[in-house]
1. Taking only segment 309-329 into account, find how many residues are within 21 Å of the chain's Cα centre (by Cα) and more than 15 Å from Gly275 (Cα to Cα).
2. For segment 168-184, name all the residues that are aromatic (Phe, Trp, Tyr) and either open to solvent by 40 Å² or more (accessible area, probe 1.4 Å) or in the same structural domain as Gly261 (by TED's automatic domain parsing) (or both).
3. I'm trying to understand the selection: among the residues of segment 162-181, which are within 15 Å of the ligand (Cβ to nearest atom) and in a loop (DSSP other than H, G, I, E, B)?
4. Between a first residue in segment 140-157 that is closer than 12 Å to Met1 by Cα and open to solvent by 10 Å² or more (accessible area, probe 1.4 Å) and a second residue that is at pLDDT below 95 and within 13 Å of the ligand (Cβ to nearest atom), which pairs have beta carbons less than 9 Å apart while being 6 or more apart in sequence or on different chains?
5. Name the residues in segment 1-55 that are on the phi > 0 side of the Ramachandran plot and either within 16 Å of the ligand (Cβ to nearest atom) or of a type in the set (Val, Ile, Thr) (or both), would you?
6. Tell me the helices (runs of 4 or more DSSP H) entirely within segment 207-294 that contain at least 1 residues that are of a type outside the set (A, V, I, L, M) and more than 25 Å from Gln324 (Cα to Cα).
7. Yes or no: segment 113-127 includes at least one residue that is within 15 Å of the ligand (Cβ to nearest atom), hydrophobic (A, V, I, L, M, F, W, C), under 24 Å from Asp8 (Cα atoms) and open to solvent by less than 20 Å² (accessible area, probe 1.4 Å).
8. Might you let me know whether segment 81-93 holds any residue that is assigned to a loop (DSSP other than H, G, I, E, B), at pLDDT 95 or above and crowded, with 20+ Cβ neighbours inside 10 Å?
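The values are calculated or read from the model by the stated rules, or taken from the named source; none is laboratory data. Model, not experiment: these values are computed from the prediction. Counting neighbours? That spans all protein chains shown, and the Cβs are built from the backbone with ideal geometry, glycine included. Ligands, DNA and RNA are excluded from the accessible area calculation, which covers all protein heavy atoms including side chains. Shrake-Rupley method; radii C 1.70, N 1.55, O 1.52, S 1.80 Å.
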Amino acid sequence: MLSFDNNDIALLRQKLGEESPIVILSHINADGDAVGSLLGVRQLISSHSGTPTYCILPNGCPENFNFLPGSEHILSADNEREHCRQLIADAPLIVCVDMNNAARVDFLADDINDAKGCKVLIDHHHNPDRDLFDLIFSFPELSSACELVYWLFRSLWGNEAFDRDSATCLYSGICTDTGSFAYSNDQPSLYMAASNLVAFDINPADIHNQLLNNFSIARMQFFGYAITNCLKIFEDKHFAYFTLPLDIQRKFGVIPADMEGLVNYTLMMRDITVGALIREEEKRCKVSLRSKYGFDVNIFAQRHLNGGGHTKAAGATSKLSLAQTAQLIEQKLIEELS
Ligand SMILES: [Mn+2]
């Protein structure tokens, strides 16, 4: 069981008890951990005290998470920009999950920076913005924001605060960020949290299928194409990377969420220990980095790409062209893996 600072717990308990409404916020292009922790916190609050909450995601809830209890309550700031801005400006309490700084909410960054309410961070990324948040629960060693939400709210309100809906949301985020417990997780707390959540009569096999076995045919065929045509493998250096040009993405009709997970295919090769994916956008490239043994992609992303994340999964945004970004990453990986 995780331990927290007693003063922080007391302050959060007090804020959650006194303030209303509560805005809950997570990052753009939400993944299962973002949506799971957002809705998990929502469900915990609504079943514990019934305090009204507003769940906001910059560009909404991806369709494949619609199975999560409460997903219909998520506001998409893309669709209701002024309403969401007003909610953030007016809220006495803002809880941010699975994000470490204002840039992660993209076009809402100024709104959160300017918001007058108390800002609470519940997150597992490195380098939380200590100037932005008033109360920080930052545990980069944890598998997921959802695992942190589990331990935090257990400390706040006890085991009886959870129910099937919150457990389903939190277990889903844990599944997402650990690849259904496949990525290297050396913290026993992860399995304890998962085991305790399963006890709330959730359906782990169904959750796994909803999260991972949910490809459209177009997405599957795009993966096949990308593996055959867009993957460069450096067998002797033990790394591989994808480059995904915009015209190919358009040809297959795939959106960014469809390309989630493709980077993990690099690590399925026995001798490949570091993988990257560079996805071209209109005016920039998005980079995903993964590793399966000792190589720290968080440090690599910080050092060369002004990005960051976790030791074994990190990301960055590059203003260089697709070819230039690929060249930079290739060259730096050759240097660092030699
Ligand atoms: Mn996460």
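1. Restricting attention to segment 309-329, the residues satisfying the condition of being within 21 Å of the chain's Cα centre (by Cα) are 309-318.
From the residues that got through so far, the ones that are more than 15 Å from Gly275 (Cα to Cα) too are 317-318.
Result for segment 309-329: 2.
2. Within segment 168-184, Phe181, Tyr183 qualify.
3. Here is the first cut: in segment 162-181, the residues within 15 Å of the ligand (Cβ to nearest atom) are 169-181.
Gly179, Ser180, Phe181, listed by residue number.
4. Final answer for the pair search is none.
5. Within segment 1-55, Asn29 is the sole residue that qualifies.
6. Details: elements: 217-229, 246-252, 256-259.
In segment 207-294, the matching helices (runs of 4 or more DSSP H) lie at 217-229.
7. Taking every residue of segment 113-127 in turn, at least one turns out to be within 15 Å of the ligand (Cβ to nearest atom), hydrophobic (A, V, I, L, M, F, W, C), under 24 Å from Asp8 (Cα atoms) and open to solvent by less than 20 Å² (accessible area, probe 1.4 Å).
8. The answer is yes, given that some residue of segment 81-93 is assigned to a loop (DSSP other than H, G, I, E, B), at pLDDT 95 or above and crowded, with 20+ Cβ neighbours inside 10 Å.
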